[in-house]
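Take a look at the structure set out below.
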Amino acid sequence: MKYSLPKCLLAALLTLALGCSTTKQTTIANTKDSQLPVDRRVDSVLSLMTLEEKVGQMNQYNGFWEVTGPVPKDGAAAIKYEHLKKGWVGSMLNVKGVKDVKALQKIAVEETRLHIPLIFGFDVIHGYKTISPVPLAEAASWDMEAIEKSAQIAAAEAAASGLNWTFAPMVDVSRDARWGRVMEGAGEDPYLNSRIAVARVKGFQGDLGIFNVAACVKHFAGYSFAEAGRDYNTVDISDNTLHNIVLPPFKAASNAGALTFMNSFNELEGIPATGNAYLQRDILKRDWNFKGFVVSDWGSMGEMVSHGYTKDLKEAAEKAANAGSDMDMESHGYVEHLAALVREGKVSEENINDAVRRILHVKFELGLFDNPYKYCDDTREQQTVGKKEFHDGVLDVAKKSIVLLKNERNLLPLKKTGQKIAVIGALANDKTSPLGSWRIAADDGTAVSVLEGLSQYKGNTVTYAKGADVAVGATLFGSETRINTTDKSGFAEAIAAAKKADVVIMVLGEHGLQTGEGRSRTKIDLPGVQQELLEAVYKANQNVILVLQNGRPLAIPWAAENIPAIVEGWHLGTQSGNAIAQVLYGDYNPSGKLPMSFPRSVGQVPLYYNHKSTGRPGGDTPTESVFWSHYGDEANSALYPFGHGLSYSKFEYSNLKLSDTSFGKSGKITVSIDVKNSSTVDGKEVVQLYVQDLFASVTRPVKELKAFELADIKAGQSKTISFTIDPKTIEFYTANKKWEAETGDFKVYVGGSSVTKLEASFNYTN
Ligand code: BGC
């Protein structure tokens, strides 16, 4: 039976209203009148709610029992179930699939007094069942269309499975490769992060139709600056870094219409983000005029006690509510204490009303009041999840995410016939690891392995030897198995295979679950004995192509120096092996560029191209004196810098021109450059523009990405690429504590990476 909420809601509300005034009847009618502005409908619902029901909307529970099985009789599940029936739950997370979602939604809309639908959230980070590359990998595509498409695919599958809210995108600017969650974001640059945040929000939310879900921009804010890259650790950053580096992607996502935000586990200026009014009330809701709601991170309200900020959960609930944290994810602080806090006068009812309005507003926007089963169509679920076109879509973005780090002696692309190829490394034969971290709805073993991808090409002979295992750090749901693999018994077989081969493909790196939440590492080289394996095989045959699979930058100085060809193959998702094979064989010409610097050594991190100059700057060249900012045992620069990535084409940059060398408040200049593809293959190049503000009221980075274009350039042809620079381009958070452009001298750099050769100067005057 297809259930129609409007009728049910009306019937129930009419019962409630029996004998009441015309005003009340009008109120009830308003809740269901889809012609009325959402705000009026929201207010109508709000006016019917008790304090407990309001608080209930602010409560989110994790999935708590086999929902279509017997009803829980006791324990925590029974309490949650009772709360659900009373209308004390506004949202569920980690319940998925039409059958289960429908079962819970039925309780909310048929058994509670006001029949307010639930919103169902899930971590659809880079795909639901059909998995795209991990977000860091996708960022390497610098292709906004492809990234938006990938988010659309994720949304379509999730929405068809009953979900209406994803906890993505993560827009934390990440500078520390030790932090396991770098895989979940778009890397170290605020501008690239902002552009990608917008693409992902648009992809997920679309026009909020049946194949879209609400986005949740996270983690607000500063989470990626955890000291020493250790997840959940203390964060201590300046207001300057907060505004200039951390916040821009959040603001871009808010401007793009993101419906929700998630706060974060960390503290900022000694105040945990969940209880931080500066972030949530002042910046997000007041300054940015954000109309959606903020959900806490998992248990982060309760964690304010461990932080030493509140003495108990009740005080945590008070601080969180007063700071503008609208929904409590699994701390139970609101459901247990908020109504009492209102009665005691510690939290105003106006605060509660504001939070509930925001939550109801999102539910209206999603169409849940008009049809709470909008996302619950079994046939649609069956017909949508795993569709062929989604596999084609994730393959497309996977190819675009691959970065060619090095290619000497023309080892790549591979010849298609007559070659003996040895494939070595446990990851080459792995159908689970390439799915990466954060892919909780996908089934193990559903990725195309590199070996399977290569087997599509029949002209060569392929032999496989594992060589060694990858040390695995953790399982999907977080239980740790600290395996320090020392087993080298497979080396001999790998060396023998390499000796007989014309070319060796080594697939090495991190297991998909060695990155992600709670997966920080102090070593960021090849785990286990893989480095030794690489060196041993290279000794036997120097024609080695190293294919990396990893979710964070790795420190691989030996490989960078010795191995002739290196392909960054990340954790590319379901179609991983096909994407890698097509790039290795030259059927796809790589165009990816690194979204994060690869260090020479873990001792350099946090390492990022947009660093400050310091009072004692210097390059990598040693001098006689030690008194400049450097290391005695390592260069300052990255092994592979931000923006780096090669192609099978060769691009030459020339003729950097500025339309003017100076502009004022209402002016602008055009920067143009000629890019020539001097090779015989068509290719794509990400042309990058960086600006340096030479002197300012606060010190500025040595360069900052301000624009880029993914240019398609045919073999032998040239393209002139133009960018505009105006006052907006050079704005930053100044000593006046506001975003503005300051007059002065600037440099502009254009090239194919952050280490650019061509530069020019301009001046901004008032
Ligand atoms: C993570 C969030 C995630 C939430 C729900 C937390 O541990 O930090 O990013 O959305 O769990 O799964």
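With angles folded into 0 to 90 degrees, how steeply does helix 75-86 sit against the dominant principal axis of the chain? Use alpha carbons for both and round to 10.
Between the helix axis and the principal axis of the chain, the angle is about 60 degrees.
Express the Stokes-Einstein translational diffusion coefficient of the chain in µm² s⁻¹, to the nearest whole number, given a Kirkwood radius over alpha-carbon pairs, 20 °C and a viscosity of 1.002 mPa s.
Working: Rh = 27.4 Å.
For the chosen part, D equals 78 µm²/s.
With 10 angstrom as the radius, rank S754, S601 by how many other C-beta atoms surround their C-beta, starting from the fewest. Don't skip to the answer; put the middle values down first.
On the way: S754 25, S601 16.
By the 10 Å Cβ count, ascending, the order reads S601, S754.
Can you give me the Rg/Rh ratio for region 558-686, using Cα atoms for both radii and the Kirkwood formula for Rh? Provide the component values of the computation, followed by the final result.
Values: Rg = 19.5 Å, Rh = 18.6 Å.
Result: Rg/Rh = 1.05.
Output the 0 to 90 degree angle, nearest 10, between the alpha-carbon long axis of helix 22-32 and the longest principal axis computed from the alpha carbons of the chain.
Between the helix axis and the principal axis of the chain, the angle is about 30 degrees.
Please report the net charge: other residues with Cβ closer than 10 Å to the Cβ of G97, K and R +1, D and E -1.
Numbers: positive: K96, K99, K102; negative: D100, D378, E381.
Result for the neighbourhood of G97: 0.
Quick one: Kirkwood hydrodynamic radius for region 237-302, alpha-carbon pairs, angstrom, one decimal? Intermediate values should be presented prior to the final figure.
Numbers: mean 1/r = 0.0818 Å⁻¹.
Computed over Cα pairs of region 237-302, the Kirkwood hydrodynamic radius comes out at 12.2 Å.
Two decimals, Cα atoms only, Kirkwood Rh: what is Rg/Rh over region 520-563? List each step's numbers first, then the result.
On the way: Rg = 10.9 Å, Rh = 11.3 Å.
For region 520-563, the value is 0.96.
Over region 284-351, what relative contact order in percent results from Cα pairs under 8 Å that are six or more residues apart? If you can, show how the numbers build up before the last one.
Working: 73 pairs, mean separation 22.8, N = 68.
Relative contact order for region 284-351 comes out at 34 percent.
Antiparallel as a % of all DSSP beta bridges within the chain, to the nearest 5?
Details: 49 of 89 bridges.
Once the DSSP bridges in the chain are tallied, antiparallel ones form about 55 percent.
On a C-alpha basis, how far is the centre of region 405-447 from the centre of region 520-538 in Å? Whole number, if you could?
A separation of 17 Å, based on Cα centres.
Relative contact order (percent) for region 588-673, with alpha-carbon contacts under 8 angstrom and 6 or more residues of separation?
Numbers: 97 pairs, mean separation 29.8, N = 86.
RCO, region 588-673: 35 percent.
Over the chain, what relative contact order in percent results from Cα pairs under 8 Å that are six or more residues apart? Provide the component values of the computation, followed by the final result.
Working: 1880 pairs, mean separation 94.5, N = 766.
Averaging sequence separation for qualifying contacts and normalising by length gives 12 percent for the chain.
What is the Cα coordinate range of region 339-448 on the first, second and third principal axes, sorted by size from largest, in whole angstrom?
79, 38, 23
On the principal axes of its Cα set, how long, how wide and how thick is region 291-371? Give whole Å, largest value first.
Answer, in whole Å and largest first: 42, 26, 20 Å.
How many percent of Cα pairs in region 705-751 exceed 15 Å? Please report the intermediate quantities before stating the final value.
Values: 636 of 1081 pairs.
The share of Cα pairs beyond 15 Å in region 705-751 comes to 59 percent.
Helix-derived [θ] at 222 nm for the chain: sum -39500 (n - 2.57) over DSSP H runs of at least 4, divide by residue count, nearest 500? Could the numbers behind the result be given before it?
Working: 21 runs with 215 residues, N = 766.
Result for the chain: -8500 deg cm²/dmol, rounded to the nearest 500.
Using only the alpha carbons of region 146-302, determine the length spanned along each of the three principal axes and report them from longest to shortest in whole angstroms.
For region 146-302, the Cα extents along the three principal axes come out at 42, 32, 29 Å.
Given Cβ point charges of +1 (Lys, Arg) and -1 (Asp, Glu) and nothing else, what value in debye, to the nearest 20, does the dipole of the chain about its Cα centre take? Please report the intermediate quantities before stating the final value.
Details: 83 positive and 89 negative charges, 255 e Å.
Using only the charged Cβ atoms, the result is roughly 1220 debye.
Between helix 349-365 and the chain, what is the angle of the helix's C-alpha long axis to the longest principal axis, kept within 0 to 90° and rounded to the nearest 10?
Its long axis makes an angle of about 70 degrees.
What is the Å³ per residue value for the convex hull set by the Cα atoms of region 138-197? Let's see the in-between values first.
Details: hull volume 4.7 nm³, N = 60.
Taking the convex hull of the Cα positions in region 138-197, it is 79 Å³ per residue.
Readers should treat all values here as calculations from the given coordinates under stated rules, not as data from a laboratory. Here the structure is a predicted model, which means the values were calculated and not measured. FYI the Cβ positions are ideal-geometry reconstructions off the backbone, even for glycines, and counts take in every protein chain you see.
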